[in-house]
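The values are calculated or read from the model by the stated rules, or taken from the named source; none is laboratory data. As the structure is a computational prediction, the values presented were derived from the model and not from experiment. Reconstructed Cβ throughout: ideal geometry from the backbone, glycine too, with neighbour counts over all protein chains shown. Side chains included, ligands, DNA and RNA excluded: accessible areas come from the protein's heavy atoms. Shrake-Rupley method; radii C 1.70, N 1.55, O 1.52, S 1.80 Å.
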Amino acid sequence: MGVLVQGGTYMINLLDINVQYKDLSILKTPSLKMSQGEFIGIYGESGSGKSSLLKLLATSRLDWCASYQVDDQIITKENKNDFCKHQLFYIHQDLQNLEDLNCYDQMRFYALFNHQPMNDERIQEIFNEVELSINQNTTSVQLSGGERQRFLLALAIAKDANIILCDEITSSLDEENKIQIVNILKKLAHDDHKLIVFSTHDQTLQGAFDTIYRIENKELHCIKKAEVESSFITKEKVKENIYFKTYLKGKWKQQKGSKLFQIILVSVCLILCILGYQFSSQYSDQLDALNATINQNQFYVLNSDGGEYWGGSQYLPLTGLDQIKDVDGVQNAYPFYLYPLYLLDGSSDTIEIKVNGQTKQIERNHIGQKIASYYDETNIQFYCEQNLSGNGIYLSNGDAKLLGIDQLDENTNLTFTLYVPVTYTLTEALMSDDLGNSKVVQVPDVQYEKREVTLPVKGILAYGKVEIKSVLGYIPYETMQDLLDEVHSTTSLNEGEAYYDTDTYTVFIDSAKEEMVKQGIESLNENYVFYDLKEETNTGMNSFVDKEKPVRIALSALSIVFVSLLLAYSYYDYKKEKSNIAILKENGLTKKELLQITWLDGLMSLIPTILICLLVIFIVMNSASSSPGVHLVIRAFRFKQQLQRNLMLSIVLPIIASLLSQSIQIGKIVHDRDQ
């Protein structure tokens, strides 16, 4: 079905024109009639309403007239898009055009409006018709003023628009170019039967016009009128989606460099902001996770031989468990066992662990290195994301995944080798504290025996619920004590040796009596150290924050720089796209089509951005498997899962935000057309 019916003497008939701004009328006339094949000049002083009249003819302000009729059809807000799309071409004084497309692609795009065949040969014919010589890679910004005028006329021919509106387009041209443009317009009007409406101040052009109107005293006066008989030509609709496909294809072909820059800029900003957020939130997240894990009334007692030196092996075995239990405020006390899965003897870089009888060889620095004891008071089941009843081993979340244990059942079991301490001898060693003070102390030289242990997996701890770093899992302290008793029963002591029990006690106390318990325990032996894991955790995390402070500052600075660049580029891109959208509106594209163009343009940038972020995730995850250094950082601070979560979240949110911002942007741009 055509846009307009064929027939009629006058092409356009406007009734009761009243151009006004803020209730101030600047032009009134009872009617205006224009015919196809007519070359019309509009004269008037600056501000008299010439451009406003052209805006009315372009259907931008239908409220400025009582009726806009084309042959037998009334133009309304409902059908004006079709009218503009197929019949109208507007050339502004500032020569606006789709600069994001090269000249050849613009010709192909405008030819779509009326099904005009537009191959390179036809484009060259039209360029010859308007006396323009350019190649296939030329953009409109490379053209001179006169060349750009003629190029816009070429676009009008490519579109095959019946109405061409020209708003003072020769005002900045020299005499030669001005005459050239006017002759082309006369030819289009008389030979191709186009209606040309030309606003100007130039009195020397009056002889070129068939009809002349002059705006004086807010009225439109006809001072010259030619009789032109013509009829309106029916145009067929073009499928909607063909416009945005051709437009975006030409735009991306022309803007490969700037689009690549935009994608890289957005990706860098995204990654920097994520890393900055990760570092800033990591301290509080980890501290909260550790404090939630640590039993608030659980403490440790160690024997430091009079010196406060932390390192593990220099602590001497304890023998005063019963005395500690008798201290007022102590609810219960147990030996604390921490058995290694391997010794640092250089024999192997891997640990062999069997899951349901299936052997897995895992690099030492990729998995927990020790097994720790737990107690009834620990309530370890409370911290599990998966839990089965009964005693067994409770695995850390990350190590369970590394072993391929995603879902527990009653038959899931683990077989591994533990190194159980058997005997020790005391040796002297020179130790230093944090202040650089040195002291000769006695340290135990511990001998171990291997024992293969098979236990059912009874739980997988929730993410972050690991009280002691580098622990694969927890088993009942009774099981570890039985292993110790077993190796002691089969081992004879040599001269100077003693059976090794433990160098640490776990003490559960009445929290209200913490200070009294501390004094009571330390009074039993001057070498006893009352150790609060919560305090150590806070100190360690603060130390981590201090060490990472330069990194966080650098990330913040880079984020500010790149985000500023992104905002500046986005503003530049918005201004340019606003001009493009305004041109597309004038050519009749509907709000739906404009939204399709803008959304798809944004998504075409988002897709490679998402792929870059996914690549970063892959690199980070892969680094954890191949690089011991990266793995230790990720493991120590549980960085891997948080980073993955934040990156995935950062991909989803920009998509939603982009779609919303694109909608808001288009809504603002097209709002005035719906007035």
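Across segment 476-485, in residue order, what do the Karplus-derived ³J(HN,Hα) couplings come to in whole Hz, using 6.51 cos²θ - 1.76 cosθ + 1.60 with θ = phi - 60° and x for Gly and Pro?
x, 5, 5, 5, 6, 5, 4, 4, 5, 4
How big is the charge dipole of segment 57-155 about its Cα centre, in debye rounded to the nearest 20, if each Lys and Arg gets +1 on its Cβ and each Asp and Glu gets -1 on its Cβ? Before the final figure, lay out each step's value.
Working: 8 positive and 15 negative charges, 43 e Å.
Dipole size: approximately 200 debye.
By the gyration tensor of its Cα atoms, with a ≥ b ≥ c the square roots of the eigenvalues, what is the shape of segment 375-441: rounded for a/c under 1.5, prolate for a/b over b/c, or oblate?
Details: a/c = 2.78, a/b = 2.35, b/c = 1.18.
In terms of gyration-tensor shape, prolate.
Pull out a ≥ b ≥ c, the square roots of the eigenvalues of the alpha-carbon gyration tensor of segment 478-532, then state rounded if a/c is under 1.5, prolate if not and a/b is larger than b/c, and oblate in the remaining case. Spell out each step's value before the answer.
Numbers: a/c = 5.03, a/b = 1.99, b/c = 2.53.
It is oblate, given that a/c is not under 1.5 and a/b is not larger than b/c.
Checking the a/c ratio against 1.5 first, then a/b against b/c, what shape does the Cα gyration tensor give for segment 11-81? Walk me through the intermediate numbers first.
Numbers: a/c = 1.89, a/b = 1.23, b/c = 1.53.
Oblate, because a/c is 1.5 or more while a/b does not exceed b/c.
Taking 0.36 nm per residue of sequence separation and subtracting the Cα-Cα distance, how much length would be gained by fully extending the chain between Q407 and N135, in nm to one decimal?
Full-extension gain reported as 91.4 nm.
Within the accessible area of segment 1-142, what % is carbon and sulfur when the probe is 1.4 Å and the other protein chains stay in place?
Values: 2660 of 5960 Å².
That fraction is 45 percent.
Work out the charge dipole of segment 96-210 with +1 on the Cβ of Lys and Arg and -1 on the Cβ of Asp and Glu about the Cα centre, then indicate which of Q116, N183, F151 is farthest towards its positive end.
It is Q116.
As a test of reading the structure, rank Y448, Y383, Y374 by solvent-accessible area (1.4 Å probe, protein chains only), most first.
On the way: Y448 95, Y383 40, Y374 15 Å².
So the residues, ranked largest to smallest area, are Y448, Y383, Y374.
For a 30 Å ceiling on Cα separation, which of these pairs sit above it: K28/K77; K55/K187; K187/K259; K187/K576; K159/K251?
Numbers: K28/K77 22 Å; K55/K187 24 Å; K187/K259 41 Å; K187/K576 33 Å; K159/K251 19 Å.
Beyond 30 Å: K187/K259; K187/K576.
Mind jotting down the distance between the C-alpha centroids of segment 144-174 and segment 60-136, whole Å?
Rounded to whole Å, the Cα centres lie 11 Å apart.
Which one, M34, G44, V70, projects farthest toward the positive side of the charge dipole computed for segment 20-71 from Cβ point charges (K/R +1, D/E -1)?
G44
In the structure shown, do any of K33/K591; K80/K592; K439/K518; K370/K401 have a Cα-Cα gap over 23 Å, and if so which? All intermediate terms of the calculation are to be shown ahead of the outcome.
Working: K33/K591 30 Å; K80/K592 14 Å; K439/K518 25 Å; K370/K401 17 Å.
From the list (K33/K591; K80/K592; K439/K518; K370/K401), the Cα-Cα distance tops 23 Å for K33/K591; K439/K518.
Run the numbers for S258 and D345: contour at 0.36 nm per residue of separation, minus the present Cα-Cα distance, in nm.
Values: separation 87, 0.36 × 87 = 31.32 nm, distance 5.71 nm.
In short, 25.6 nm is gained.
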